[in-house]
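Colleague: Right, I'll just put the structure down here and ask away after.
Values in this text are rule-based calculations from the coordinates and carry no lab data. On a predicted model such as this, the values are computed, not experimentally measured, just so you know. Neighbour counts are summed over all protein chains in view; Cβ atoms, including those assigned to glycine, are modelled from backbone coordinates with ideal geometry.
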Amino acid sequence: MSILTRKKLNFYRFLSVKLTDNDLYPHVRYGEIFTLEEIKDFWQKTIKAILEKKASQKLGLYIHIPFCRQKCSFCFCDSYVPFSYSEVETYLVLLKREINIFKEIFKPVSFTSVYFGGGSPACLKNKDLENLFHFIYQNFMISPHSQIMFEGTSTDLTKDVLLLLVKNGVNRLTIGAQSLDSKVIKLMRRPQTKERFIMVYRLARKLGIPYINIDLIAGLEGQSVSSFISDLETVLELGADMVHVSGFTPLSHTSFCKEGKRFSLEQKRNRNIMIAESKRIKTSFFSEITSDEQGLSEEAANTQEKDAREENSSILGIGYSAQSHAFGQVWYEHPCVLALNSMPNYKKLPIFRGVRSNPDEEMRTFIFNNIQKGFSRTFFYQLFKKDAFLVFKPQILELIKIGKLKSEGDRIVSQIKHTKEFLLLSKLFYSKDRLKAILQKHKDEYREDKDYRKKFELLIADTE
């Protein structure tokens with residue numbers, strides 16, 4: 001008897017819709033509140049496992065800066081425009097306080113990647129950004145071979161900022177272009193121009209940043225397929241090491257939706273065409289370097305994300321909205337600023353909400369992260385001392401039966417091509433505890449007799 005019934009698929013569509021803005025298993029927002037002392041204890045145990053080589057030797061540090069100069073209409077990131085710069089300064093004090101709390105615990109280990117995300121970290125004043133780099137390097141050991149990643153917009157990335165980044169070891173820069181079409185830029189209220197973007201890109205190259213990734217969005221208001229392809233060709237011809245294309249997701253808390261605008265069927269069709277075309281065009285420039293990304297070389301990839309997906313590596317997240325994973329112990333996050341009912345109190349450490357880990361949940365997370373590209377059974381065994389085929393036999397056999405997986409010697413080979421397939425089929429591997437926690441939160445919203453296909457099709461792009 002099939003375990004993937006029509007009723008279950010409809011339930012998985014409902015879950016996918018509800019988890020659009022919290023899409024990584026085990027979905028920490030459906031967790032419990034932990035005390036600071038509990039979090040410190042979790043980390044001490046994980047550091048011990050790393051030192052004893054019982055956990056991945058890769059360790060990431062993520063710093064979240066939730067500030068932007070302008071909130072774009074498409075944006076669903078945890079970012080906002082501060083009332084004054086003093087608010088930013090108070091937040092930076094909070095970041096340093098949290099770093100001070102954890103610095104002693106992390107003394108025995110080195111971070112192998114550092115990621116500054118947002119928002120736009122480049123909107124900090126130069127003296128504050130310099131000071132933040134110095135504080136991090138002073139209090140944490142950073143491996144000399146670490147990937148130091150930084151996000152910014154072409155508006156914020158001035159020559160002085162780029163010089164500061166080079167000076168402090170940034171070796172992978174993400175420039176959030178999103179669109180270079182003047183009509184689209186105006187509609188999304190983004191303070192940039194195509195000319196400014198090209199100038200900043202070339203300057204970053206000239207100053208010596210080795211790897212540059214460009215972010216583009218497909219399906220934006222006013223965007224045509226031809227204008228999107230023109231943008232993509234522009235950044236490819238400039239020589240970007242990676243181009244990350246994501247589909248616009250019309251979530252309720254975007255300015256686009258708050259203003260009463262509707263994501264039309266034409267936008268949805270165009271978004272899917274743009275994403276499919278981007279993969280086709282990028283194939284002639286790039287090779288596959290991760291499960292879902294193409295680039296000029298493996299070094300161009302976001303190694304923090306790659307290590308977390310491929311090895312269940314640990315990440316210490318600092319600041320609001322930052323997510324953390326202490327291997328074998330816990331996944332947790334600080335709350336998103338935008339999810340709060342009032343302005344956050346940056347003079348107080350934010351709460352820790354998360355999900356306790358155990359060997360079973362670590363294995364399920366690995367499968368979730370790797371089911372779309374396939375994986376080695378030997379590598380799975382090295383991580384967890386169990387055979388993935390035996391642990392998840394019913395699920396794997398079901399996916400083999402419907403032609404979405406193949407077992408070829410040591411490898412579980414994936415035939416899952418699209419995001420929609422992945423979102424549905426990966427839920428076969430969810431634990432009963434996680435399904436129960438998520439459904440408990442939405443128990444008054446889920447109806448067995450309702451078809452969730454239309455909402456699912458609208459939110460999720462056909463090919464990503």
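Colleague: Towards the positive end of the charge dipole of the stretch 1-59, with charges on Cβ (+1 Lys, Arg; -1 Asp, Glu), say which of 39, 25, 5 has the farthest Cα.
Modeller: 5
Colleague: Could the peptides 58-66, 261-269, 366-374 be put in order, highest first, of the mean number of other beta-carbon atoms found within 10 Å of their residues?
Modeller: Descending packing order for the listed peptides: 58-66, 366-374, 261-269.
Colleague: List the aspartates and glutamates whose Cα lies under 12 Å from the Cα of residue 432, skipping any in the same chain that are fewer than 8 positions away.
Modeller: Within the straight-line cut-off, residue 432 pairs with 360, 361.
Colleague: Next question, about the same structure. Could you work out how far the C-alpha centroid of the stretch 1-34 sits from that of the stretch 152-178, in angstrom?
Modeller: After rounding, the separation between the Cα centres reads 37 Å.
Colleague: Ok, one more. How high is the relative contact order of the stretch 157-294, in percent, with contacts defined as C-alpha pairs under 8 Å that are six or more residues apart? Present the calculation step by step, with values, prior to reporting the outcome.
Modeller: Values: 154 pairs, mean separation 33.6, N = 138.
Here the relative contact order equals 24 percent.
Colleague: Would you tally the net charge around residue 259, using a Cβ to Cβ cut-off of less than 14 Å, leaving residue 259 out, and scoring K and R as +1, D and E as -1?
Modeller: +4
Colleague: Compute the separation of the alpha-carbon centres of the stretch 326-369 and the stretch 378-404 and state it in Å as a whole number.
Modeller: 27 Å
Colleague: With the convex hull built on the Cα atoms of the stretch 317-433, state its orientation-averaged projected area in nm².
Modeller: Convex hull of Cα atoms, orientation-averaged projection: 8.9 nm².
Colleague: Same structure, new question: Please report the base-10 log of the normalised intensity I(q)/I(0) for the stretch 1-71, using a Debye sum with one equal scatterer per alpha carbon and no solvent, at each q in 0.12, 0.13, 0.20, 0.26 (1/Å).
Modeller: Taking Cα atoms of the stretch 1-71 as identical point scatterers yields -0.67, -0.76, -1.03, -1.21.
Colleague: In addition: List, in the order given, every pair from 385/406; 306/401; 18/417; 40/436; 53/103; 8/436 whose Cα-Cα distance in the structure shown is over 18 Å. Please list the in-between numbers first.
Modeller: On the way: 385/406 22 Å; 306/401 29 Å; 18/417 22 Å; 40/436 27 Å; 53/103 21 Å; 8/436 14 Å.
Pairs exceeding 18 Å: 385/406; 306/401; 18/417; 40/436; 53/103.
Colleague: Once you sort the root eigenvalues of the Cα gyration tensor of the stretch 30-83 as a ≥ b ≥ c, which label holds: rounded (a/c under 1.5), prolate (a/b larger than b/c) or oblate (the other case)?
Modeller: prolate
Colleague: Hey, another quick one. Which whole-number percentage describes the relative contact order of the stretch 28-309, with Cα contacts under 8 Å and a sequence gap of 6 or more?
Modeller: 16 percent
Colleague: Over 30 Å between Cα atoms: which of 404/454; 183/347; 71/348; 48/393 fall into that group?
Modeller: 183/347; 48/393
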